[in-house]
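Asks: I have a structure here, written as structure tokens, and I will follow up with some questions on it.
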Amino acid sequence: VQLQASGGGLVQAGGSLTISCAASGSIFSINVMGWYRQAPGKQRELVAWLTLGGSTLYADSVKGRFTISRDNAKNTVSLQMNSLKPEDTAVYYCVSSRNIAVFPGYWGQGTQVTVSS
């Protein structure tokens, strides 16, 4: 499975940004898609995931501000980020897996999101 993320950039605090990820390869094996992020000097952390069945999980820090969605026909997953804060600044990684038990299995390259104060 190959994951290609796009859409990162620079945005002011309070603004919005959407990042997307396209999956290719053995996509029939994908059940869960989601996002991790890594801020400078910090460990990678889960942001959100979404299963084929529609179950979602969000990190407490992004609940109510971020929305994950997917287009199964196009094998893409997107993360709509609203009310962005400087602490959301990080490299965001697209991830996927066959199931929750092995999540995250596949990693894409990161896309930089920078929120200025």
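The values are calculated or read from the model by the stated rules, or taken from the named source; none is laboratory data. The structure displayed is predicted, hence computed values, not measured ones. Positions of Cβ are backbone-derived with ideal geometry, glycine not excepted, and every protein chain shown enters the neighbour counts. Just so you know, the surface numbers come from the protein's heavy atoms only, side chains and all, with ligands and any DNA or RNA stripped out. Shrake-Rupley method; radii C 1.70, N 1.55, O 1.52, S 1.80 Å.
Asks: From the residues in the range 41-78 that are open to solvent by 70 Å² or more (accessible area, probe 1.4 Å) and of a type in the set (D, E, K, R), which one is modelled with the lowest pLDDT?
Replies: The extreme case among them is Lys74.
Asks: Across the range 84-101, what is the total count of residues that are modelled with pLDDT under 95, of a type outside the set (Val, Ile, Thr) and loosely packed, with under 14 Cβ neighbours inside 10 Å?
Replies: Residues that pass the stated criteria total 2.
Asks: While we're on this one: What are the pairs, 6+ residues apart or on separate chains, where a residue within the range 64-76 that is on the phi < 0 side of the Ramachandran plot and assigned to a strand (DSSP E or B) has its Cβ under 8 Å from a residue that is surrounded by 16 or more Cβ atoms within 10 Å (Cβ to Cβ) and among the aromatic types (Phe, Trp, Tyr)?
Replies: Correct list of pairs: Phe66/Tyr58; Ile68/Trp35; Ile68/Trp49; Ile68/Tyr58.
Asks: Within the range 64-88, restricting attention to residues that are under 21 Å from Ser24 (Cα atoms) and basic (Lys, Arg), which residue is farthest from the chain's Cα centre (by Cα)?
Replies: Among them, the one singled out is Lys74.
Asks: Quick one: Gln38 ticks every box in (1) in contact (Cβ under 8 Å) with a residue 40 or more places away in the chain; (2) open to solvent by less than 30 Å² (accessible area, probe 1.4 Å) bar one, so which box is it?
Replies: All conditions are met except number (2).
Asks: State all residues of the range 15-30 that are surrounded by fewer than 16 Cβ atoms within 10 Å (Cβ to Cβ) and either more than 17 Å from Gln112 (Cα to Cα) or touching a helix residue (DSSP H, G or I) at 6+ places or on another chain (Cβ under 6 Å) (or both); if no residue qualifies, say none.
Replies: Ser24, Gly25, Ser26, Ile27, Phe28, Ser29
Asks: Are there strands (runs of 3 or more DSSP E) fully within the range 4-55 with at least 3 residues that are over 17 Å from Asp71 (Cβ atoms)? List them.
Replies: In the range 4-55, the matching strands (runs of 3 or more DSSP E) lie at 9-12, 32-38, 45-51.
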